[in-house]
Amino acid sequence: FIADATAMAAQVRDWVLSDEFAGTSEYVTNLKAVCGAESVSPRNIGLLVSAPQAWARGQEQTLIRQREAGTARDEFFGKPKQRLDLRVKVTAVRWIESQFGSTALYTLVTEDGYACKWFASRALLGEKPSDDYVTVRATIKDHEEWQGRKSTLLTRCAIQR
């Protein structure tokens, strides 16, 4: 058990010190500094114990990107303001907190393999990814590229029964 924990700690430390864990926030800078040190002061223990959660979140984001890249065409579809009925499945759900409350960002893939996203004020399509397709009526809001991938932004989505 201790050998497994030691190996996992080394893996998390290596990940934190790698270029894969990057950003300009104070959290990234401080965690890299703490993980790169030979010893940790008691005041930095709280920061250090957050590293496994940061690693897990990084792994989750990598898996989501791989899943999206493997299932979606890298093309836009439709035209802005066009209203369509689409068969989609949820590939990722991410909750975004703001001063106005929580918003669900649904990453979807159509039956034809196109990537689309929808910012929803409630969990209309559930809380987690699903392999089941559902029919939605949606309006195309815009086309965007994010992290080099094309996707179509949807608005006014309603589940069709």
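Structural remarks
- Cleavage-rule hits, chymotrypsin sites (Phe, Trp or Tyr not before Pro), the stretch 86-161, DSSP coil, Cβ neighbours within 10 Å at most 15: 100, 133
- Highest-MSF residue in the chain out of 102, 39, 121 [GNM, Cα springs under 10 Å]: 39
- Taking the protein heavy atoms of the stretch 110-151 in the context of the full set of protein chains, the accessible area attributed to carbon and sulfur is 43 percent at 1.4 Å.
- In the elastic network of the chain, a GNM with C-alpha springs shorter than 10 Å, the most mobile of 138, 123, 22 is 22.
- For the residue pairs 89/128; 32/128; 81/128, the alpha carbons lie more than 22 Å apart in 32/128; 81/128.
- GNM result for the chain, Cα springs below 10 Å: residue of 104, 33, 115 fluctuating most strongly: 33
- Fraction of beta bridges assigned by DSSP in the chain that are antiparallel (%, nearest 5): 90
- Taking all protein chains into account, the per residue accessible area for the chain stands at 65 Å² (1.4 Å probe).
- Percent RCO, i.e. relative contact order, over the stretch 1-51, from Cα pairs under 8 Å lying at least 6 residues apart: 33
- Across the chain, the mean sequence separation of Cα contacts (distance under 8 Å, 6 or more residues apart), normalised by length, yields a relative contact order of 18 percent.
- If R0 is taken as 30 Å, the Cβ-Cβ distance between residue 40 and residue 127 corresponds to a FRET efficiency of 0.25.
- Shown here: semi-axes √(5λ) of the Cα gyration tensor in Å, derived from the displayed model; of the candidates (i) 27, 20, 14; (ii) 38, 16, 15; (iii) 54, 17, 16, it corresponds to (ii).
- Set of aspartates and glutamates with alpha-carbon distance to residue 150 below 12 Å, sequence-local pairs under 8 removed: 68, 74, 75, 142
- Longest site-free stretch - the chain; sites: GluC sites (Glu not before Pro), DSSP loop, at most 10 other Cβ within 10 Å: 39-126
The values are calculated or read from the model by the stated rules, or taken from the named source; none is laboratory data. These numbers come from a predicted model, not from an experiment. All Cβ positions, even for glycine, are placed from backbone atoms using ideal geometry, and neighbour counts span all protein chains on display. With ligands, DNA and RNA removed, areas are computed over all heavy atoms of the protein, side chains included. Shrake-Rupley method; radii C 1.70, N 1.55, O 1.52, S 1.80 Å.
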